[in-house]
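This report concerns only the one structure given below.
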Amino acid sequence: MRTLIHLSDLHFGRVDRSILDPLREFVIGAKPHLVVVSGDLTQRARPKQFAAARAFLDSLGCPLLVVPGNHDIPFYNVLARFARPLTHYRRYIGADLSPFFRDDEIAVAGLNTARSLTTKYGRLNPRQIAQLHARFDGIGDGVTKVVVTHHPFDLPDDYKDRQQLVGGAEGAMAAMAKCGVDLVLSGHLHLSHHALSAVRYKVPGHSALVVQAGTATSTRGRGEENSFNRLAIEPGRIRLERVRWIVEEKSLKLDTAADYRRVAKRGWEKVGKGKPQAPASKFP
């Protein structure tokens, strides 16, 4: 079994600093095989903000896979935005914008969806899709295949701005079906959400689990508490847990959990009916 911690939208430069130590302690205590960060490490892509994000990530002491978000591209500096949009990201966070992690049980591929031409919307291009296909080529069903982007492949039912879906999603999902992708992790909206890809994308015989994380540390919660995800992954099974910040108690609490399984010729489906259970357990 592999444990993943999924953080997103840290937004250093506008963080609730009271969360940082409890979050660090939780991650270290969980002993994850990998910490995934799905973009927006900074608020305004400034060197000082990237340095703070880098220091926090280093303090976790865990293997990391990080992709940039739209806030990691300069907003006010137009020249930098178009001429060198991810210079500071590459310097402080990582030069590889398509990071890849592989062991005996999981293969995780990151894709950069942030673009200079738009302030908030994202996109995937054919070259990235071809690279993804090459990355997963030859990896059998015994290894759970995971894709990480900043911009989401699905939206909450009541979310009105459909443009927030990553551009090129239809073609990307068709390619993921050919690769046998099991799980897609993203952020961007500061809202927690999980769904099966087969509901939105009608690809015969393919259904991946699509998971969106809220903001782990930003003060811009958009109506939802700070939160992140913990995933327990084993061949053919995934347990998804949402961990949220309880402001009044200054602590993290396991909020909801849901279990999924992979079924031959159909793909992933939820185990059980109705709403996810809400465990009462609380983390120190």
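So here's what we get for this one:
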item: Tally of residues being surrounded by 15 or more Cβ atoms within 10 Å (Cβ to Cβ) and either under 19 Å from ALA109 (Cβ atoms) or out of contact with any helix residue (DSSP H, G or I) (no Cβ under 7 Å at 6 or more places or on another chain) (or both) across the range 148-170; result: 13
item: Count - residues of the range 213-254 that are touching a Gly at 6+ places or on another chain (Cβ under 7 Å) and over 24 Å from TYR159 (Cα atoms); result: 1
item: Whichever residue in the range 1-53 is assigned to a loop (DSSP other than H, G, I, E, B) and of a type in the set (Gly, Ala, Ser) and, among such residues, is farthest from GLU225 (Cα to Cα); result: ALA45
item: Residue match in the range 177-185 (condition: in contact with a Leu (Cβ under 9 Å, 6 or more places away or on another chain) and among the basic types (Lys, Arg)); result: no
item: Cross-chain or 6+ apart pairs with Cβ under 7 Å, the range 99-127 first and of a type in the set (Ser, Thr, Tyr), then assigned to a strand (DSSP E or B) and at pLDDT below 95; result: THR113/GLY122; THR113/ARG123; TYR121/GLY167
item: Any hit, the range 134-144, residues being under 18 Å from the mean Cα position of the chain (by Cα), of a type outside the set (A, V, I, L, M, F, W, C) and under 20 Å from TRP268 (Cα atoms); result: yes
item: Single condition ARG127 does not satisfy, out of (1) closer than 23 Å to HIS6 by Cα; (2) surrounded by fewer than 23 Cβ atoms within 10 Å (Cβ to Cβ); result: (1)
item: Index of the failed condition, PRO156 passing every other in (1) touching a Gly at 6+ places or on another chain (Cβ under 9 Å); (2) closer than 27 Å to GLY221 by Cβ; result: (1)
item: Tally, over the range 132-147, of residues that are surrounded by fewer than 17 Cβ atoms within 10 Å (Cβ to Cβ) and either among the aromatic types (Phe, Trp, Tyr) or part of a loop (DSSP other than H, G, I, E, B) (or both); result: 6
item: Residues within the range 149-170 that are assigned to a loop (DSSP other than H, G, I, E, B) and either under 18 Å from the mean Cα position of the chain (by Cα) or of a type in the set (A, V, I, L, M, F, W, C) (or both), tallied; result: 11
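The values are calculated or read from the model by the stated rules, or taken from the named source; none is laboratory data. Please read these numbers as outputs of a predicted model, since none were measured by experiment. Because the Cβ atoms are built from the backbone with ideal geometry, glycine has one as well, and the counts that use them run over all protein chains shown.
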